[in-house]
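Read the figures in this text as sums done on the coordinates, not as results from a lab. Remember, it's a predicted structure, so these values are computed and weren't measured experimentally. We place every Cβ from the backbone using ideal geometry, glycine too, and count neighbours over all the protein chains shown.
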Amino acid sequence: MRIRATVAAVSGALALSALAVPAAQADSTSYRDAAVQALSGKSAFAASAAAQLDVSFSNLKIAKAVKVGTTNHVSTKVTYTLTHGADVDIDSPDFANGPLIYKGTLEEPVNVLLGYDAATCTATSATTANCAGLIDIYPGDGDLLNSDAGSWKAGALALNYSTEDTALQGDLGATLVQRNSKLTVNASPEPVRKGKTITVTGKLSRANWEDNKYHGYTNQPVKLQFRKKGTSTYTTVKTIKSNSTGDLKTTVTAATDGYFRYSFAGTSTTPAVSAAGDFVDVQ
């Protein structure tokens with residue numbers, strides 16, 4: 001599942017708007033719909049919220065980083081332990097729960113992302129269960145703004161469809177939601193005589209979630225690396241910076257056959273990436 005939401009704190013309540021549901025999903029009642037209603041209809045993030053389910057969450061695990069491109073749907077798995085009171089029937093069709101991630105604080109989240117379907121849970125005792133769910137992201141449908149890139153926190157929500165009782169818990173984990181990166185390289189001329197100059201060009205770019213295209217990532221340190229033919233390890237030759245359009249260009253002296261590549265270490269908003277090596281025949 002995915003939810004596209006603009007989130008703001010209004011009179012102590014969590015307000016979610018601009019929700020978009022694919023046509024193929026619009027004819028079915030989804031966990032997402034119920035979750036959004038529960039979050040927007042109550043002061044869900046307030047500890048004093050009324051009609052709380054006797055449910056808590058712990059041991060949440062989520063990927064350290066989620067790479068999101070321009071159009072393709074991205075899912076990331078979340079696991080956690082659900083603990084509930086004896087009067088809560090987690091096998092009831094009225095009960096559902098799932099993970100969520102949010103940008104900002106619990107009191108004033110900037111954005112919230114959920115999964116389209118509820119988590120699946122396996123009981124481990126009369127009052128505990130191991131659960132697994134997804135966070136679904138559709139960048140092509142406007143789930144994210146570029147400013148959303150970076151640190152997000154994770155939580156989980158439980159709800160009862162018939163009574164609208166809820167249990168919501170945050171600060172259970174953290175992840176990075178990153179603008180996916182691309183890196184190219186081209187070393188020329190090929191072949192080249194030993195001692196002559198090799199020009200190595202390339203481009204560092206990253207996803208723009210607002211126009212669904214890749215644009216140059218400017219003023220970033222990028223390593224030029226070389227791997228000698230017949231070996232498996234790259235060695236850094238020099239570090240240069242991408243220009244105002246993300247382009248890379250430098251020169252080296254031809255010495256021996258091998259592969260040149262550019263390598264970017266990444267930032268909190270953009271993942272690390274290395275170009276495929278470009279072979280140069282030195283004669």
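Quick look at the values:
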{"read-out": "When each of Lys196/Lys241; Lys61/Lys238; Lys77/Lys249; Lys77/Lys213 is checked by Cα-Cα distance, pairs over 31 Å", "value": "Lys61/Lys238; Lys77/Lys249"}
{"read-out": "Relative contact order for segment 80-200, counting Cα pairs under 8 Å that sit 6 or more residues apart, in percent", "value": "23"}
{"read-out": "Ellipsoid semi-axes in whole angstrom, largest first, where each is sqrt(5λ) of the Cα gyration tensor of the chain", "value": "48, 19, 15"}
{"read-out": "For the chain, built as a Gaussian network whose Cα springs stay under 10 Å, the top-fluctuating residue of Asp136, Asp33, Asp91", "value": "Asp91"}
{"read-out": "Cubic angstrom per residue, convex hull over Cα atoms of segment 197-281", "value": "96"}
{"read-out": "Estimated distance in nm for a label pair at His215 and Ser147, the labels positioned 7 Å out from Cα along Cα-to-Cβ", "value": "1.5"}
{"read-out": "Separation of the Asp91 and Lys194 label points, Cα + 7 Å toward Cβ, nm", "value": "7.6"}
{"read-out": "Of Leu53, Leu204, Leu134, the one that fluctuates the most in a GNM where the chain has Cα springs shorter than 10 Å", "value": "Leu53"}
{"read-out": "Those trypsin sites (Lys or Arg not before Pro) in segment 108-205 that DSSP places in a loop and that have at most 16 other beta carbons within 10 Å", "value": "Arg193, Lys194, Lys196"}
{"read-out": "Net charge contributed by nearby residues that have their C-beta within less than 12 Å of Asn219 (K/R +1, D/E -1)", "value": "0"}
{"read-out": "In segment 216-283, trypsin sites (Lys or Arg not before Pro) in a DSSP loop with at most 13 other beta-carbon atoms within 10 Å", "value": "Lys229"}
{"read-out": "For the chain, calculated [θ]222 nm from helices alone, where every DSSP H run of n ≥ 4 adds -39500 (n - 2.57)", "value": "-1000 deg cm²/dmol"}
{"read-out": "Amide N of segment 238-261 lying under 15 Å from the label point, which is placed 7 angstrom from the Cα of Asp281 along Cα→Cβ", "value": "256-259"}
{"read-out": "Top positive-direction residue, dipole computed over the chain with Cβ charges, set Gly216, Gly98, Thr269", "value": "Gly216"}
{"read-out": "Inter-probe distance in nm under a simple model that places probes 7 Å from Cα toward Cβ, at Thr83 and Ser56", "value": "0.4"}
{"read-out": "For the chain: relative contact order, % (alpha-carbon pairs under 8 angstrom, 6 or more apart)", "value": "18"}
{"read-out": "Residue with peak Gaussian network fluctuation, the chain [Cα springs, cutoff 10 Å], from Ala35, Ala118, Ala254", "value": "Ala254"}
{"read-out": "Gain upon complete extension [Ala174, Asn130; 0.36 nm per residue less C-alpha separation]", "value": "13.9 nm"}
